[in-house]
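Chemist: Quick one: structure below, then a few questions.
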Amino acid sequence: MNAPNPLPRRQFASDNYAGVIPEVWEALEHARLGHAPAYGDDPWTDRASDLLREFFETDCEVYFVFNGTAANSLALAALCNSYHSVICHAQAHVETDECGAPEFFSNGTKVLLADGANGKIDPTAVENIVNRRKDIHYPKPRVLSVTQATEMGTVYQPDELAALCDTAKRHHLRLHLDGARLSNALASLGKAPADVTWRLGIDVLCFGGTKIGMPVGEAVIFFNKELAHEFEYRCKQSGQLASKMRFLSAPWIGLLESNAWLKHAQSANACAAELGKGIESIDGVSLLAPVEANACFVQMPEPVAEGLRAKGWKFYGFIANGGARFMCSWDTSLNDVNALLDDIRELTR
Ligand SMILES: *Cc1c(COP(=O)(O)O)cnc(C)c1O
């Protein structure tokens, strides 16, 4: 085989630069041979769904889709009519990184933006949006979409999430959780998954598989089962119903059965914490947000950023205005972190 090579070293651009965790690969290998019914009627999909129900300690409806944009958009579409609106943080993936897919799949539902420090929605901002107008000319707020861990690498503490959920419920808003990095948030919180999701009132969760180390796949989990009505049709119509479904579902068995998610999320978080500590010790650069999961947002002079790129480092600059985002992945090592810190130290001298 004339195989292509990966990048010469691990990068901090995104946790979706990383490959596949061994437990997931093994689960895929187990599913590889033999015949099984298609479109989700197979034992791997049953097992993965049951494991997710055990994980969240509740009977929920589970769907497996290919990516997070589809998971979020289809879930939001299921919670809204076209004349409704979805409130999310101004930096939410739903708003900034989905090319209008939530509006598209919901046939026009408007996304309304709330502010809040460090990527977290301020409950008062939600109140203001809901109370701004009550008339028929305003797109009726119907959903609050919250991201955990946030796009700024912070984590809502249980009381912060509870306050937001209370605000939402008081205004009859349904609750959507974008959990593209929920594993990292759970590892950071050390709480039972149920206690920081449906027990607080989350109606639907998009649980990320890709960034924690699957090749592909996210789970859409309806804790409020009524809202899943005909969801399978949305998946099919949007091209998100996998025909060989076992290969979207089997990875969840590998992720959950051995608690692999926790081990890998803890490792990524620990690397980010180490990177954050290093950044704080260097004059001329600073953290833009507390490091609470697997991301580190850094304010650095442009020549330092340019110098890092010249040394071959890849990272995003467009997410935090003027800052640089460094994401740690399941396979990031402390050596990787120290190599990056050494280069930042050299460039700031
Ligand atoms: C990566 C990510 C997603 C999913 O993105 P896809 O590229 O569509 O899989 C969703 N929400 C957040 C916060 C993300 O970081």
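Chemist: Does the chain come out rounded, prolate or oblate by the C-alpha gyration tensor, with a ≥ b ≥ c the root eigenvalues, rounded set by a/c under 1.5 and, if not, prolate when a/b is larger than b/c and oblate if not?
Modeler: It is oblate, given that a/c is not under 1.5 and a/b is not larger than b/c.
Chemist: Ok, one more. Rounded to the nearest 5, what is the percent of antiparallel bridges among the DSSP beta bridges in the chain?
Modeler: Bridges in the chain are about 50 percent antiparallel.
Chemist: Defining a contact as two alpha carbons under 8 Å apart and six or more residues distant in sequence, what relative contact order in percent does segment 260-348 show?
Modeler: Once divided by the residue count of segment 260-348, the mean separation gives 34 percent.
Chemist: What percent do you get for the relative contact order of the chain when only Cα pairs under 8 Å and 6+ apart count?
Modeler: 24
Chemist: Using a 1.4 Å probe over the heavy atoms of the protein chains, calculate the carbon and sulfur portion of the accessible area of the chain as a whole percent.
Modeler: The computed percentage sits at 50.
Chemist: Turning to a different aspect of this structure: Find the accessible area per residue for the chain; the probe is 1.4 Å, ligands and nucleic acids are left out, and the unit is Å².
Modeler: 45
Chemist: Right, another one. Asp135 versus Thr58, label points 7 Å from Cα toward the beta carbon: distance in nm?
Modeler: Result for the modelled spin labels: 3.8 nm.
Chemist: Where does the charge balance sit around Gly254 when Lys and Arg score +1, Asp and Glu -1, over other residues with C-beta under 9 Å from its C-beta?
Modeler: Local net charge: -3.
Chemist: Here's a follow-up. What residue among Met327, Met245, Met152 shows peak mean-square fluctuation when the chain is described by a Gaussian network model with Cα springs under 10 Å?
Modeler: Met245
Chemist: Work through the residues other than Thr167 whose Cβ is under 15 Å from its Cβ and net out their charges, Lys, Arg +1 and Asp, Glu -1.
Modeler: Local net charge: -1.
Chemist: Kindly identify segment 90-199 as rounded, prolate or oblate by the Cα gyration tensor criterion: order the square roots of the eigenvalues as a ≥ b ≥ c, call it rounded if a/c is under 1.5, otherwise compare a/b with b/c, prolate if a/b is larger, else oblate.
Modeler: prolate
Chemist: Express in nm, to one decimal, how much length is gained between Lys263 and Thr124 on full extension, taking 0.36 nm for each residue of separation and deducting their alpha carbon distance.
Modeler: 46.4 nm
Chemist: Another one. Mind giving me the nanometre distance, one decimal, between the label points for Glu346 and Met1, set 7 Å out from Cα along Cα→Cβ?
Modeler: 3.5
Chemist: Which of the three applies to segment 121-269, rounded, prolate or oblate, going by the alpha-carbon gyration tensor with a ≥ b ≥ c and a/c under 1.5 meaning rounded?
Modeler: oblate
Chemist: Filter the cross-link list Lys110/Lys140; Lys120/Lys225; Lys120/Lys277; Lys120/Lys314; Lys211/Lys314; Lys211/Lys236 down to pairs whose alpha-carbon distance in this structure exceeds 20 Å.
Modeler: Lys120/Lys225; Lys120/Lys277; Lys120/Lys314; Lys211/Lys236
Chemist: Can you compute the modelled spin-label distance between Thr96 and Glu280, with each label point 7 Å from Cα toward Cβ, in nm?
Modeler: With each label placed 7 Å out from Cα toward Cβ, I get 2.3 nm.
Chemist: Taking amide H atoms as placed 1.01 Å from N in the peptide plane, list the residues 5 or more away in sequence, or in a different chain, whose amide H sits under 5 Å from that of Gly116.
Modeler: Counting only residues 5 or more places away or on other chains, the set is Asp122.
Chemist: A follow-up question, please. Output the lone cysteines of the chain: those with no second cysteine's C-beta under 4.7 Å from their C-beta.
Modeler: Cys60, Cys80, Cys88, Cys99, Cys165, Cys206, Cys235, Cys296
Chemist: Further, regarding this structure: Within segment 29-119, which trypsin sites (Lys or Arg not before Pro) sit in a loop by DSSP and count at most 14 neighbouring Cβ atoms inside 10 Å?
Modeler: Arg32
Chemist: Moving on. In segment 164-235, which GluC sites (Glu not before Pro) are in a loop and have at most 16 other Cβ atoms within 10 Å, using DSSP for the loop call?
Modeler: Hits after loop and neighbour filter: Glu230.
The values are calculated or read from the model by the stated rules, or taken from the named source; none is laboratory data. All figures in this text were calculated on a predicted structure; none of them were measured in a lab. All Cβ positions, even for glycine, are placed from backbone atoms using ideal geometry, and neighbour counts span all protein chains on display. SASA here: full protein model, heavy atoms, side chains in, ligands and nucleic acids out. Shrake-Rupley method; radii C 1.70, N 1.55, O 1.52, S 1.80 Å.
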